[in-house]
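These notes concern the structure reproduced below.
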Amino acid sequence: MGDQHQVHVWENTYIMAPKDDEKFLPSKVAAVIKNVMDSYLVDKEYQAEDAKIWTLDLSNEIKATVKQDVNIPRYKIIVQVVIGEQASQGVRVASKCLWDTSADNYASYTFENNSIFAVGMVFGCYYE
């Protein structure tokens, strides 16, 4: 009976839009994606088993770096990374979202070398 449960009560902030200096700017986020993917994949050769691990590592690293380096509080950050073998094929990666066009946005970057193609996408959805 000594266990005390503390209940946190949160008040509404009624902040319906991000401040101008706290908006999701695709150019800044794309630069972060580019830096992380270029440094991580620069000397990698495609292997299917390794690619599974790389996608998780890249997703987590991109998400952490975006949260740390880009000033976008109150945004939910969703990261998706696709890695495949470069074999002279055509690949198209697409996505659809239902969101508020005034506050939500996305950024993407495509990395290519002789054996790998990788697409990193970051979606930022504003919490009202």
Go through the stretch 11-117 and name the trypsin sites (Lys or Arg not before Pro) that are in a DSSP coil and have 11 or fewer other Cβ atoms within 10 Å of their Cβ. K19, R92, K96
Once you charge only the Cβ atoms, +1 for Lys and Arg and -1 for Asp and Glu, what is the size of the charge dipole of the chain about its Cα centre, to the nearest 20 debye? 320
Rounded to the nearest 10 degrees, the helix 26-41 long axis (Cα) sits at an angle to the longest Cα principal axis of the chain of 50
About its Cα centre, how strong a charge dipole does the stretch 1-71 have in debye, to the nearest 20, once Lys and Arg get +1 and Asp and Glu get -1 at the Cβ? 240
Loop-located GluC sites (Glu not before Pro) in the stretch 31-108, at most 13 other Cβ atoms within 10 Å (DSSP): E45
On the protein heavy atoms, probe 1.4 angstrom, tell me the percent of accessible surface of the stretch 6-128 carried by carbon and sulfur. 50
Heavy-atom accessible area per residue of the chain, all protein chains kept, 1.4 Å probe, expressed in Å², is 71
Rounded to the nearest 10, the angle in degrees between the Cα long axis of helix 48-69 and the longest principal axis of the Cα atoms of the chain comes to 40
The chain, helix-only ellipticity at 222 nm - DSSP H runs n ≥ 4, -39,500 (n - 2.57), divided by all residues, nearest 500: -10000 deg cm²/dmol
Violations at 20 Å Cα threshold for listed pairs K28/K76; K34/K67; K28/K67; K52/K76; K28/K96 -> K52/K76; K28/K96
In nm, the gap between the two label points placed 7 Å beyond Cα toward Cβ at A87 and H5 is 5.4
Quick one: longest stretch of the chain between exposed loop chymotrypsin sites (Phe, Trp or Tyr not before Pro), exposed meaning at most 11 other C-beta atoms within 10 Å and loop per DSSP? 15-126
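The values are calculated or read from the model by the stated rules, or taken from the named source; none is laboratory data. Predicted model only: the values in this text are computed from it and were never measured. Neighbour counts run over all protein chains shown; Cβ positions are idealised from the backbone, glycine included. For the accessible areas, the whole protein counts, side chains as well, though only heavy atoms, and no ligand, DNA or RNA atoms are used. Shrake-Rupley method; radii C 1.70, N 1.55, O 1.52, S 1.80 Å.
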